[in-house]
Amino acid sequence: MRGAAITAGTTLPTRRAATFAAAMFAAAMFAAAMVAAAMFAPGLLVLGLVLAALGMVLVLAWLHPVAAGTGWLLIVGSTPEMWLGDLLGPAFYQPIIAVEKGAGLALAAVAVLRFGLRRDWYNPGLAFVAMFVTGLAHGLYPGLGMAASLRSLLGSAAPYAFMFSRLSRGWARAVIRTTMLIPALAVAAGSALDLAGLRPLFVQSGGWRLGALGHPAFLGSFALAAIYACLVELYRGGRPRDAALMALNFVILVLTGARAPLIYGVAVTGLTLAFVPSPAFPRRRRMLLLLGALALLPLALGAAGSLSGLRLFNLLEHNPDALSGREQIWAWFERAAAGSPWVGWGVGAGNAVIPQDSRVVEIMHTWAAHNEYLRIAVEGGRLGEALLLALFVLWAAAHTARLPRGERAIMRLVFVAFACHAATDNVLISTSASVLFAFVAAVFARGALEATAADRANGPERGAGAGGAVGAR
């Protein structure tokens, strides 16, 4: 013990000295490079300063991974591509999204270095890598270049990158709590901008819709993820504040006018409360919450006429089965998929199917598929779509198997709802996917840590039990 203490006592200062020396050497080399750039290539000076700033951010992320992860999540949840894009112009919309997802990839890489690598063999991001390779071998969609396809690959795989890190319990807890708060914080910030006359809180789109800092559809997706997070935490702790926050997120979701997220949020929450047991949230309290929500339904339907100014009630009253023009977009993708049915046209082809100057885009203000099955059929064909679906099923089954019973049921319902939602929305490529799958990664990571701790704690008892059984036999 004494020898070990001496070794530890001499190793730590030596390691600190080596780290300090390496930092001083790197600082000296950087200063020399900046002086050389200023003297011989002034144009590189700005690039060097940018790289230095990025390096400092990554160092801070290394030192404070929890703060970095939650800060990034809050930024993504505020949809800067919307409010900042409005200030800078439409040309900055895609670059801002690229920065958001690139930052997520960088933070995932820092998390791997900080917490350790996880071999996540069923990660859905691997399916996009396979589709990228087959797309290059087959030939990309006309008008889609290799650089654009590579950018789409990084953007498509980015939401799942955190699952390649072991993560920490603090990171997981902070990300889940942040996911719960994103919609409320976005509405609070949007209200401040509205009062200042900079950006309206509600927008007109077939009725008034709550948009806050971004688009109502994005806010609706964030609210759906927040509802799932509240439900998981409610089943773990049974805290009334989690139930209240879940109710607030439902109110926000209704005001966004996003029908599909509302349907799936109600379905997952209702099925969970009705059939999934929880020691922390007993049946009596669950039934009171469920019956209270059901009692509000007749009131909401009765008030639908007087609330027809809101988009959701407007659609319920006049055109409840409308697809908001999606069928016009789907026809383009069906034709493109038929041109290469087995291997598709490469990752990113979904962005090139509809010309951005076409009449459809002029009317719909979008060229996205609003149907992930059609988009993947275009980009990866039947083989790519089958691979992605198989990986999603295996990924969800493998990781939820280690969760507590209640969380396991909730997360499996979430994935079923997600599979249904993918038929009418861009649930894989929008920035809201980054928030949803950061939450999923946090739940999976926390479950794995708790299961590992339980296995270690019960290891000797299990071993003794097994030995006793063998002896008795």
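The values are calculated or read from the model by the stated rules, or taken from the named source; none is laboratory data. Everything numeric here is computed off the predicted structure, so don't read it as measured data. Glycine also receives a Cβ, built like all others from the backbone with ideal geometry; neighbour counts cover every protein chain displayed. With ligands, DNA and RNA removed, areas are computed over all heavy atoms of the protein, side chains included. Shrake-Rupley method; radii C 1.70, N 1.55, O 1.52, S 1.80 Å.
What's the local net charge at Ala158, with K and R +1, D and E -1, over the other residues with C-beta under 13 Å away? Residues near Ala158 contribute +1 overall.
For segment 341-400, the solvent-accessible area with a 1.4 angstrom probe is 42 square angstrom per residue.
The length gained by stretching the chain between Arg285 and Arg239 to full extension, at 0.36 nm per residue less their Cα-Cα distance, is 15.5 nm. The convex hull of the Cα atoms of segment 48-198, projected and averaged over all directions, covers 11.6 nm².
For segment 246-260, 3J(HN,Hα) computed residue by residue from phi via the Karplus equation (6.51, -1.76, 1.60; θ = phi - 60°) reads 5, 4, 4, 5, 5, 4, 4, 4, 4, 5, 6, x, 7, 6, 4 Hz, glycine and proline entered as x. Annotation for segment 43-150: trypsin sites (Lys or Arg not before Pro) lying in DSSP loop with at most 12 further Cβ atoms inside 10 Å of their Cβ are Arg119. Rounded, prolate or oblate: which fits segment 57-128 when a ≥ b ≥ c are the square roots of the eigenvalues of the alpha-carbon gyration tensor, with rounded for a/c under 1.5 and prolate only if a/b beats b/c? Since a/c reaches 1.5 but b/c is at least a/b, the shape of segment 57-128 is classed as oblate.
Take segment 133-245 with all the other protein chains still there, run a 1.4 Å probe, and you get 39 Å² of accessible area per residue. Rolled with a 1.4 Å probe across the full set of protein chains, the surface gives Thr269 an accessible area near 10 Å². Let me make sure I get this right: for segment 326-404, a, b and c are the square roots of the gyration tensor eigenvalues over alpha carbons, sorted descending. Under 1.5 in a/c it's rounded, otherwise prolate if a/b > b/c, else oblate. Which is it? It is prolate, given that a/c is not under 1.5 and a/b is the larger ratio.
For segment 141-251, the fraction of 1.4 Å probe accessible surface lying on carbon and sulfur atoms is 68 percent. Multiplying the residue separation of Phe92 and Asp194 by 0.36 nm and subtracting their alpha-carbon distance yields 34.5 nm.
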